[in-house]
Amino acid sequence: MNRLLLSLLFTAIGQASMLAEPYNVLVIQTDEHHFKTLGCYGGRIVETPNIDWIAKHGAIATSFYATTPVCSPSRGAL
């Protein structure tokens, strides 16, 4: 009986979450430069007004982890 109720509960939660509006996710991945190259991280090397606007009005990553020390496999891992 408990399993049946638990299954119904998870089904109801899943259905309710599908009714919610989906989030838009934008991932901008660059490589072969220091993270402070971008203006949103305090860089002054390259002007990036659009990326800075997205960072100011959206979300910005503050912790970075690389799967490998070279760029191609890291891009593939995303």
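Residues in the range 35-47 that are over 19 Å from the mean Cα position of the chain (by Cα) and under 24 Å from P73 (Cβ atoms): T37 only. For the range 31-75, the tally of residues that are hydrophobic (A, V, I, L, M, F, W, C) and modelled with pLDDT of 80 or more stands at 11.
The values are calculated or read from the model by the stated rules, or taken from the named source; none is laboratory data. On a predicted model such as this, the values are computed, not experimentally measured, just so you know. Cβ: placed from backbone, ideal geometry, glycine included. Neighbour counts: every protein chain shown.
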